[in-house]
Amino acid sequence: MNKRKLLSLPYLIWMIGFTVIPLLMILWYGFQGKNGGFTLEHILAIGRPEHLGPLLVSLLLSVICTVVCLLIAYPLALILRKAGLKRSSFVIFIFILPMWMNFLLRTYAWLNLLDDGGLVYVFLQKLGYKGNIVGTYGAILLGMVYNYLPFMVLPLYNAMTKIDDNTLNAARDLGANERQVNFRVIMPLTFPGIVSGVTMVFVPSLTTFVVSDLLGGRKIFLIGNIIEQEFSTASNWNLGAGLSFVLMIFILLSMAVLNHYDTLGEEDDG
Amino acid sequence: MKKLKHMLGNAYLALVFVFLYAPIVTLIVYSFNEGRGRKWQGFSGRWYEELFHSAQIGDAVSNTLTIALLSALIATVIGVISCLGLQALRGKARNVYLALNNIPLLNSDLVTGLSLMLAFIAVGVTFGYSTVLLAHISFNVPYVIMNVMPRLRQMNQSTYEAALDLGARPVQAFFKVLVPEIMPGVISGFLMAFTMSLDDFIITHFTKGPGINTISTLIYSEIRRGIKPSMNALSTIMFISAIILLVLTNISPKGSKTEVKYI
Amino acid sequence: MNDHVIIQLEHITKRFAADHNILDDLCLDIHENEFITLLGPSGCGKTTTLRIIGGFETPNEGRVLFDGKDITSLPPYKRELNTVFQKYALFPHLNVEENIAFGLKIKGKSRDYIRDKIRYALKLVNMDGLEKRMPDQLSGGQQQRIAIARAIVNEPKVLLLDEPLGALDLKLRQDMQYELIRLKNELGITFVYVTHDQEEALTMSDTVVVMNQGYIQQMGTPEMIYNEPENAFVADFVGDSNIMDGLFIHDELVEIFGAKFPCVDKGFGVNKPVDVVIRPEDIDLLKPGEGSIDGVVTHIIFKGVHYEMEVTTPNGYEWLVHSTDMFPVGTKVSIHVDPFDIQIMNKPQSEDEEALGVDE
């Protein structure tokens, strides 16, 4: 039976080669000075206004995006659960399907609706909104919510379908009204789902550069754009790596905060 | 009162559905537009025709599909093997292993892509098809493990022993008993990996070399000049075939047992 | 059952952690055609013993002999015995027929042979007609039968059964007990049965092996185990009993709570502290003063076949009594026990021996 452990070895080596060492490479570049020595310069560069601004905007937008996704997805998952669909695969189907339409095109398609003459544009003009939609923070936020909403819905729905109906009936039997059932029973029981949903939305929206590229009208730059440019056009890899490292710290911090409330590890392999 | 609530619920579902599919529908509609722009100039199939004549698009499609297929297949094999090993691990070793496995799932694609790029440069490999494939395998294995591991744990440990007891050698027991039992997890893991690979842009963007494109990177390179409507046509075809594929697998009796799982 | 020893466990020691032996120097002979039951609480080592015989565990020390040949390190698929697993362990992706055929196909038997065998086995377990069912379409009792059929078509010399009835409800469990006895007689092979249910053990077995904490506590026929438990653990674990501190005054006389009871035991010395076991159904309740010790009925429950009562004697001990007569709570009674119904046991000598005893 112990020979079985050996089967875990190949992938362990793979992970060291393709996960651990690459991450160490980011550290290597991020802390490397001009002459090859150690420096904190690239890390501290995050404090420069041209970097700090985009970082704060990214943080703000990703937090709002996460909250909006949660607010949309939670009632949605509740409704889906109550609908008691015989085949839960149908729900998953609906939310997975858009992924088969290319991510970039899906986002780009919004331009058709948001740009001058598009349905949403015309509608908002009628409501009295003046000015463009494309190139605003609102447009980017919309793009983020649109792209990452499924990542909030699916884990939430998954967690909710696992709840036994009798658990809820027990709460009702003990005098809880629907509101109390929602907040005192369903909510705590779906917390692991909330945590993984929040992670899966927050992380990509914090680091995206594609959504802002497509819907930002070349006016708005997020921290993702800054880093991408350091690697592609500006060719300052050390700076790019340094900023990536800072971004990673933010991701780790947010996960540590979430993990404080729940153990993600259990959820992941469960 | 209850009816009203039910209606409100349905209306809400419809609203989200419209939000999810509105851009996709416009995209499909525009793929049949005679003109290039946003203005409707009449129904036409010219973009579909153009699609089949563009060698560039043909290459991108074949790259995308073969990378998705290969990376999902290889990731499935690696994932299943490591799940078997993981099952024998206990305590701290197990936790460390799972934590490492979770990094690509939890980390940002931007950082994952960049880190892989830097590592490939350090090793000195030429950027191209193989680097993209390796990167895709890396981020796909966790999805396979995520789907297979619960199956393996749910499985009655004794069925494997029962096979040995009835005279099957370990290899026979593996293929005749264990594999069929974890098959639903393997299939959903494979499909998920395939989908993730198909839809990936960021990691491909950083690990591809010049002269090679997937559908995503081709579209990205066209953003500045305006994306050609033939891309809309391509996506429409892929979208429709995805629907057909998913409907078929869901209708077939064995497929209906396949449960797709998420984090 | 005959005298030929088919399985011999020689000085088996098994540990999963360095400081804890799950089995400690266990020796056991299993005879051909015997229905032998390993009985004990969870963690006593009974399942580990079975898994060592089946080949799923290797002992740290000792040998396993099968028909005189050493099979200690032989893998399960090369052993001429089959197992019925605790939760049946049917292959969920195969139907009844395919489940039963599994072992035969592995061995490369002909299709005709396999078909005949399946028909025979299904008939034997009263399941004919269900060939095409999937395991999840069967009830627990039916799955159990298929698990047995799957094992016996391979014609093992020994069938190992790991708490096979544990997941069934009471009525079904009792029916299956008779089924198993019938099966064993028809097949004429050895059954090694593991259970924590003493009733099961006493009903079915030729030989019962009572185990606790990795040691064999007592081995013998069901009657011996029940009527003459060798220590307090066995007495407590098998059936209800009153286990009391006593003083062995001299041969054929023992003192319990100051009252003298004639008994039939000899050779425990003079004025030696001993454990005394009296089964509740062996206690007769007489009018006050007519028996050995007086008491008051303090509790009564109707159990169907009999009444279960507690009689409290002046020292405060509550005697468990089974009787078909009813004595209302508060009735003053006197306890009488026939001499041959009193079982005398030596007290554990050392701490080590104490460890083998009843753990509270």
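Being of a type outside the set (D, E, K, R) and touching a Cys at 6+ places or on another chain (Cβ under 7 Å) is a condition met by at least one residue of segment B:135-146. Before we move on, is residue B:79 surrounded by fewer than 22 Cβ atoms within 10 Å (Cβ to Cβ), at pLDDT 90 or above and within 19 Å of residue B:155 (Cα to Cα)? In short, no. The set of residues in segment A:1-33 being more than 7 Å from chain B (Cβ to nearest Cβ) and crowded, with 21+ Cβ neighbours inside 10 Å consists of A:30 alone. One residue stands out among those in segment B:229-250 that are surrounded by 19 or more Cβ atoms within 10 Å (Cβ to Cβ) and either part of a loop (DSSP other than H, G, I, E, B) or among the hydroxyl-bearing types (Ser, Thr, Tyr) (or both): the one that is nearest to the other protein chains (Cβ to nearest Cβ), which is B:235.
At the interface with chain A (Cβ under 7 Å from one of its Cβ atoms), surrounded by fewer than 18 Cβ atoms within 10 Å (Cβ to Cβ) and out of contact with any Phe, Trp or Tyr (no Cβ under 8 Å at 6 or more places or on another chain): does that describe residue B:93?
Details: at the interface with chain A (Cβ under 7 Å from one of its Cβ atoms): no; surrounded by fewer than 18 Cβ atoms within 10 Å (Cβ to Cβ): yes; out of contact with any Phe, Trp or Tyr (no Cβ under 8 Å at 6 or more places or on another chain): yes.
For residue B:93, the condition - at the interface with chain A (Cβ under 7 Å from one of its Cβ atoms), surrounded by fewer than 18 Cβ atoms within 10 Å (Cβ to Cβ) and out of contact with any Phe, Trp or Tyr (no Cβ under 8 Å at 6 or more places or on another chain) - is not met.
In segment B:39-64, the residues that are closer than 30 Å to residue A:119 by Cα reach residues that are among the β-branched types (Val, Ile, Thr) and part of a helix (DSSP H, G or I) with C-beta atoms within less than 7 angstrom, at least six apart or across chains, in these pairs: B:51/B:57. Taking only segment C:176-195 into account, find how many residues are under 12 Å from the mean Cα position of the chain (by Cα) and surrounded by fewer than 19 Cβ atoms within 10 Å (Cβ to Cβ). Summing the residues that are under 12 Å from the mean Cα position of the chain (by Cα) and surrounded by fewer than 19 Cβ atoms within 10 Å (Cβ to Cβ) in segment C:176-195 gives 0. Within segment B:136-177, the set of residues being farther than 16 Å from residue C:107 by Cα and among the charged types (D, E, K, R) comprises B:151, B:153, B:161. Restricted to helices (runs of 4 or more DSSP H) entirely inside segment A:1-117, those with at least 2 residues that are in contact (Cβ under 8 Å) with a residue 12 or more places away in the chain are A:21-30, A:41-44, A:49-83, A:88-96, A:103-114. Taking segment A:226-264 as the range and being more than 10 Å from every other protein chain (Cβ to nearest Cβ) and closer than 30 Å to residue B:23 by Cα as the test, the residues that pass are A:226, A:229.
Within segment B:19-42, track down each residue that is away from every other protein chain (no Cβ under 11 Å) and surrounded by fewer than 16 Cβ atoms within 10 Å (Cβ to Cβ). If the condition is that a residue be away from every other protein chain (no Cβ under 11 Å) and surrounded by fewer than 16 Cβ atoms within 10 Å (Cβ to Cβ), then B:34, B:35, B:36, B:41, B:42 are the ones that fit.
Here the helices (runs of 4 or more DSSP H) wholly within segment A:123-212 that include at least 1 residues being charged (D, E, K, R) are A:165-173.
Conditions tested, residue by residue: (1) touching a residue at least 40 places away in the same chain (Cβ under 8 Å); (2) in the same structural domain as residue C:159 (by TED's automatic domain parsing); (3) over 13 Å from residue C:192 (Cβ atoms); (4) part of a strand (DSSP E or B).
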{"site": "C:9", "(1), (2), (3), (4)": "yes, yes, no, yes"}
{"site": "C:13", "(1), (2), (3), (4)": "yes, yes, yes, yes"}
{"site": "C:22", "(1), (2), (3), (4)": "yes, yes, yes, yes"}
{"site": "C:26", "(1), (2), (3), (4)": "yes, yes, yes, yes"}
{"site": "C:29", "(1), (2), (3), (4)": "no, yes, no, yes"}
{"site": "C:33", "(1), (2), (3), (4)": "yes, yes, no, no"}
{"site": "C:37", "(1), (2), (3), (4)": "yes, yes, no, yes"}
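Within segment B:43-60, the residues that satisfy the criterion of being out of contact with any Asp or Glu (no Cβ under 8 Å at 6 or more places or on another chain) and surrounded by 14 or more Cβ atoms within 10 Å (Cβ to Cβ) are B:47, B:48, B:50, B:51, B:54, B:57, B:59, B:60. If you check C:43, C:68 for being at pLDDT 90 or above and out of contact with any His (no Cβ under 7 Å at 6 or more places or on another chain), only one passes: C:68. Taking segment B:107-132 as the range and being surrounded by 19 or more Cβ atoms within 10 Å (Cβ to Cβ) and either more than 8 Å from chain A (Cβ to nearest Cβ) or farther than 18 Å from residue A:27 by Cα (or both) as the test, the residues that pass are B:113, B:120, B:131, B:132. Does segment B:133-162 hold any residues that are under 30 Å from residue C:56 (Cα atoms), surrounded by 18 or more Cβ atoms within 10 Å (Cβ to Cβ) and of a type outside the set (A, V, I, L, M), and which are they? B:147, B:151, B:158, B:159, B:160, B:161 - these are the residues of segment B:133-162 that are under 30 Å from residue C:56 (Cα atoms), surrounded by 18 or more Cβ atoms within 10 Å (Cβ to Cβ) and of a type outside the set (A, V, I, L, M).
Just one of the numbered conditions (1) out of contact with any helix residue (DSSP H, G or I) (no Cβ under 6 Å at 6 or more places or on another chain); (2) surrounded by fewer than 21 Cβ atoms within 10 Å (Cβ to Cβ); (3) of a type in the set (A, V, I, L, M); (4) within 11 Å of chain B (Cβ to nearest Cβ) is not true of residue A:170: (4). Where helices (runs of 4 or more DSSP H) sit wholly within segment B:162-211, those with at least 3 residues that are in contact (Cβ under 8 Å) with a residue 24 or more places away in the chain and more than 14 Å from chain C (Cβ to nearest Cβ) occupy B:179-199, B:202-207.
Restricting the search to segment C:109-125, which residues are touching a residue at least 40 places away in the same chain (Cβ under 8 Å) and either polar (S, T, N, Q) or part of a loop (DSSP other than H, G, I, E, B) (or both)?
Keep residues of segment C:109-125 that are touching a residue at least 40 places away in the same chain (Cβ under 8 Å), which gives C:124-125.
Listed by number, the list holds a single entry, C:125.
Inside segment C:140-166, can you point out the residues that are surrounded by fewer than 19 Cβ atoms within 10 Å (Cβ to Cβ) and either over 25 Å from residue C:47 (Cα atoms) or within 12 Å of chain B (Cβ to nearest Cβ) (or both)? Passing the criteria: only C:155.
Within segment C:86-100, work out how many residues are outside any loop (DSSP other than H, G, I, E, B) and surrounded by fewer than 23 Cβ atoms within 10 Å (Cβ to Cβ). Talk me through it step by step, then tell me what you get.
First, pick out the residues of segment C:86-100 that are outside any loop (DSSP other than H, G, I, E, B): C:88, C:96-100.
Those left that are additionally surrounded by fewer than 23 Cβ atoms within 10 Å (Cβ to Cβ): C:97-98.
Selection size over segment C:86-100: 2.
Please work out if residue C:58 is closer than 22 Å to residue C:143 by Cβ, of a type in the set (Val, Ile, Thr) and within 14 Å of another protein chain (Cβ to nearest Cβ).
Working: closer than 22 Å to residue C:143 by Cβ: no; of a type in the set (Val, Ile, Thr): yes; within 14 Å of another protein chain (Cβ to nearest Cβ): yes.
Here the answer is no, as residue C:58 does not meet what is asked.
Yes or no: residue C:276 touching a residue at least 12 places away in the same chain (Cβ under 8 Å) and crowded, with 23+ Cβ neighbours inside 10 Å? Steps first, answer last, please.
Working: touching a residue at least 12 places away in the same chain (Cβ under 8 Å): yes; crowded, with 23+ Cβ neighbours inside 10 Å: yes.
So residue C:276 fits the description; yes.
The values are calculated or read from the model by the stated rules, or taken from the named source; none is laboratory data. Treat the numbers as computed from the prediction; the structure is a model and nothing was measured. Glycine also receives a Cβ, built like all others from the backbone with ideal geometry; neighbour counts cover every protein chain displayed.
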